[in-house]
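Have a look at the structure below, then the notes.
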Amino acid sequence: MERTFGIIKPNAFADGNSGKIISRIYEEGFKIVGLKKLYLSKVEAEGFYYVHKDRPFFDELTEFMSSGPCVVMVLEAENAIQKWRDLMGATNPAEAAEGTLRKEFGASLGENATHGSDAPETAAFEIGYFFSGLELL
Ligand code: UDP
């Protein structure tokens, strides 16, 4: 079993799509090990996306991620990292396949509804950024 980290981003939360996204997560066979609603500050969003600090979209992305509440989750499944990225679809909703979360709930390249870790090291960092061990029992 592998764990990954996911976010229901502020646009999907504000649109009332958290429940539908969580239903899809269960339908696809993930176990939800951790889940909570947060309202990130700009500084907290910057810390989370630190790897992107030199990218041109960093300020816009962290403004968006701190613009309203989001839901952070730890998901468990076999091959969870790839499985969650497959369920999310391509980064740009316009290029995401039918049936993926970003296709259905994404509004734009930035406001693309969900986040998912891209590798075991990033999953470990991202889970630890938001959850303590006690919250994941
Ligand atoms: N993003 C953006 N503009 C871009 C590329 C990415 O606003 O040109 C945002 C988008 O919300 C994306 C996040 O930055 O989900 C992180 O980008 P990454 O390339 O890591 O994509 P992901 O792993 O989320 O698919």
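Pick from 91, 100: which is polar (S, T, N, Q), under 21 Å from residue 15 (Cβ atoms) and buried (at least 16 other Cβ atoms within 10 Å of the Cβ)?
Only one candidate passes the filter, namely 100.
Among the residues making up the range 116-137, those that are in contact with a strand residue (DSSP E or B) (Cβ under 8 Å, 6 or more places away or on another chain) and either of a type in the set (Asp, Glu) or surrounded by 21 or more Cβ atoms within 10 Å (Cβ to Cβ) (or both) are 116, 117, 123, 126, 127, 135. The residues of the range 54-69 that are of a type outside the set (S, T, N, Q) and within 12 Å of the ligand (Cβ to nearest atom), listed by number, are 55, 56, 57, 58, 59, 60, 61, 63, 64, 65. Per the conditions (1) touching a residue at least 60 places away in the same chain (Cβ under 8 Å); (2) under 19 Å from residue 84 (Cβ atoms); (3) within 16 Å of the ligand (Cβ to nearest atom), the sole criterion not satisfied by residue 49 is (1).
Yes or no, residue by residue, for (1) at pLDDT 95 or above; (2) surrounded by fewer than 15 Cβ atoms within 10 Å (Cβ to Cβ); (3) not acidic (Asp, Glu):
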| position | (1), (2), (3) |
| --- | --- |
| 26 | yes, yes, yes |
| 44 | yes, no, no |
| 50 | yes, yes, yes |
| 63 | yes, yes, no |
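May I ask you to list pairs of residues, at least six apart or on different chains, whose Cβ atoms are under 6 Å apart, with the first in the range 56-77 being closer than 20 Å to residue 125 by Cβ and the second being within 14 Å of the ligand (Cβ to nearest atom) and among the acidic types (Asp, Glu)? Final answer for the pair search is 62/46. Checking each residue in the range 14-43 for being farther than 21 Å from residue 99 by Cβ and either within 16 Å of the ligand (Cβ to nearest atom) or touching a residue at least 60 places away in the same chain (Cβ under 8 Å) (or both) picks out 14, 33, 34, 36, 38, 40, 42. Quick one: would you say residue 118 is more than 11 Å from the chain's Cα centre (by Cα) and either within 13 Å of the ligand (Cβ to nearest atom) or among the β-branched types (Val, Ile, Thr) (or both)? So residue 118 fails the test.
Might you let me know whether the range 82-91 holds any residue that is near the ligand (Cβ under 10 Å from one of its atoms), basic (Lys, Arg) and in contact (Cβ under 8 Å) with a residue 24 or more places away in the chain? If you could, list the steps in order and put the result at the bottom.
Applying the first criterion (near the ligand (Cβ under 10 Å from one of its atoms)) to the range 82-91 yields 85, 88-91.
This time we only want the ones that are basic (Lys, Arg), so: 85.
Next, only the ones that are in contact (Cβ under 8 Å) with a residue 24 or more places away in the chain stay: 85.
Looking through the range 82-91, at least one residue is near the ligand (Cβ under 10 Å from one of its atoms), basic (Lys, Arg) and in contact (Cβ under 8 Å) with a residue 24 or more places away in the chain.
The values are calculated or read from the model by the stated rules, or taken from the named source; none is laboratory data. No experiment lies behind these values; they were computed from the predicted model shown. Virtual Cβ from ideal backbone geometry, glycine too; neighbours counted across all protein chains shown.
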